[in-house]
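Q: Here it is: the structure, laid out below.
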Amino acid sequence: IENLYFSSANLYRLGRNITKVLSSQFQIELSFTPSEIRGNEIDIRYFFAQYFSERYYFLDWPFPDLPEEDLTEFADFFYKITNYPMRFSIYRMYKLMIAISIHRVKNGHFIDLPNHFYKEYYPLLKSIPNFQETLAYFSKHFGLEMTPDTIAQIFISFLQNDIFLDPQEFFNSLEDNSQAR
């Protein structure tokens with residue numbers, strides 16, 4: 001603070017103003033004792049995704065401690081299972097969301113998981129040839145044990161009913177999804 005010629009009172013005032021702006025769009029707030037972002041974990045992850053997608057040039061990778069090549073390999077492993085058509089901009093956001101989720105999990109920030117993940121999605125993943133070996137491989141690369149819970153935490157953002165990966169999917173949902181309306 002001294003190097004920035006900023007008083008503690010001004011820093012707290014700025015923090016309150018930032019919290020006010022953020023809370024209009026996300027259920028999050030800044031805290032200074034300890035210094036952290038608090039609130040709804042899903043909103044925190046979406047905030048970071050929006051921040052990184054707007055702040056960094058689309059060819060720049062904002063996570064120096066998480067090699068993009070390793071993350072791309074991880075993202076592709078799960079993406080190829082779905083055969084979901086993905087344009088470059090959506091693919092970039094997909095990778096950002098995965099990277100953010102990995103960082104959040106590594107730092108002990110979790111989302112309450114719906115029970116249907118273990119019933120609907122995890123059995124499909126377990127049926128993939130060499131799935132356990134692949135998880136062990138990525139565990140070494142990311143320094144994070146890839147358990148069913150970890151995989152769920154990383155991909156939960158993509159498994160919610162009110163998440164749309166492209167505009168057409170959103171428009172198609174308007175008739176059936178009251179939240180989309």
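Q: Looking at the range 137-148, can you tell me whether even one residue there is more than 25 Å from Phe58 (Cβ to Cβ), surrounded by 17 or more Cβ atoms within 10 Å (Cβ to Cβ) and touching a helix residue (DSSP H, G or I) at 6+ places or on another chain (Cβ under 6 Å)? I'd like the intermediate steps shown before the answer.
A: Residues of the range 137-148 more than 25 Å from Phe58 (Cβ to Cβ): 137, 139-140, 143-148.
With surrounded by 17 or more Cβ atoms within 10 Å (Cβ to Cβ) added as a condition, the list becomes 146.
If we keep only those that are touching a helix residue (DSSP H, G or I) at 6+ places or on another chain (Cβ under 6 Å) too, we end up with 146.
Yes: one or more hits.
Q: Right, something else. Keeping to the range 51-76, report how many residues are polar (S, T, N, Q) and within 13 Å of His141 (Cα to Cα). Write out each step before concluding.
A: So the first thing to find is which residues in the range 51-76 are polar (S, T, N, Q), and the list is 53, 72.
Remaining after also requiring within 13 Å of His141 (Cα to Cα): 72.
Final tally of qualifying residues: 1.
Q: Of the residues Tyr46, Tyr118, Tyr57, Tyr79, which is more than 18 Å from the chain's Cα centre (by Cα) and within 25 Å of Asp149 (Cβ to Cβ)?
A: Of the residues listed, the single one that is more than 18 Å from the chain's Cα centre (by Cα) and within 25 Å of Asp149 (Cβ to Cβ) is Tyr118.
Q: Quick one: which helices (runs of 4 or more DSSP H) lie wholly within the range 95-171 and hold at least 1 residues that are acidic (Asp, Glu) and at pLDDT below 95? Before you say what the answer is, go through the steps one by one.
A: On the way: elements: 122-126, 131-142, 148-155.
By residue number, 131-142, 148-155.
Q: Could you identify the single residue in Asn115, Asn130 that is exposed (fewer than 14 other Cβ atoms within 10 Å of the Cβ), under 24 Å from Gly39 (Cα atoms) and not charged (D, E, K, R)? Lay out the reasoning, then the answer.
A: Working: Asn130 fails: under 24 Å from Gly39 (Cα atoms).
Result of the check over Asn115, Asn130: Asn115.
Q: If you don't mind, there's one more thing I want to ask. I'd like to check something: does the range 44-55 contain any residue that is surrounded by fewer than 15 Cβ atoms within 10 Å (Cβ to Cβ) and either touching a Ser or Thr at 6+ places or on another chain (Cβ under 9 Å) or part of a loop (DSSP other than H, G, I, E, B) (or both)?
A: First, the residues of the range 44-55 that are surrounded by fewer than 15 Cβ atoms within 10 Å (Cβ to Cβ): 50-51, 54-55.
Narrowing the set further to residues that are either touching a Ser or Thr at 6+ places or on another chain (Cβ under 9 Å) or part of a loop (DSSP other than H, G, I, E, B) (or both) leaves none.
Looking for residues that are surrounded by fewer than 15 Cβ atoms within 10 Å (Cβ to Cβ) and either touching a Ser or Thr at 6+ places or on another chain (Cβ under 9 Å) or part of a loop (DSSP other than H, G, I, E, B) (or both), one finds none in the range 44-55, hence no.
Q: Just wondering, is there one or more residues in the range 102-112 that are in contact (Cβ under 8 Å) with a residue 60 or more places away in the chain and among the aliphatic types (A, V, I, L, M)? Step through it out loud before you land on a result.
A: First, pick out the residues of the range 102-112 that are in contact (Cβ under 8 Å) with a residue 60 or more places away in the chain: 104, 109-111.
Next, only the ones that are among the aliphatic types (A, V, I, L, M) stay: 111.
Yes, the conditions are met somewhere in the range 102-112.
Q: Next up: How many residues are part of a helix (DSSP H, G or I) and either closer than 16 Å to Leu125 by Cα or at pLDDT below 95 (or both) if we restrict to the range 63-85?
A: Quick first cut of the range 63-85, residues part of a helix (DSSP H, G or I) only: 68-82.
Still in the list and also either closer than 16 Å to Leu125 by Cα or at pLDDT below 95 (or both): 74-82.
Total meeting the criteria: 9.
Q: Related question: Quick test for you: out of Thr33, Thr19, pick the one residue that is surrounded by fewer than 11 Cβ atoms within 10 Å (Cβ to Cβ) and not assigned by TED's automatic domain parsing to the domain that holds His141. I'd like the intermediate steps shown before the answer.
A: Numbers: Thr19 fails: surrounded by fewer than 11 Cβ atoms within 10 Å (Cβ to Cβ).
Only one candidate passes the filter, namely Thr33.
Q: Another question, if that's okay. Would you be able to say whether some residue in the range 11-27 is part of a helix (DSSP H, G or I), within 14 Å of Met93 (Cβ to Cβ) and of a type in the set (A, V, I, L, M, F, W, C)?
A: Initial filter on the range 11-27 (part of a helix (DSSP H, G or I)): 11-23.
When the remaining residues are screened for being within 14 Å of Met93 (Cβ to Cβ), the result is none.
Checking the range 11-27: not a single residue is part of a helix (DSSP H, G or I), within 14 Å of Met93 (Cβ to Cβ) and of a type in the set (A, V, I, L, M, F, W, C).
The values are calculated or read from the model by the stated rules, or taken from the named source; none is laboratory data. In this text, all values refer to a predicted model and were calculated from it rather than measured experimentally. Note: ideal-geometry Cβ built from the backbone for every residue, glycine included; neighbour counts use all protein chains shown.
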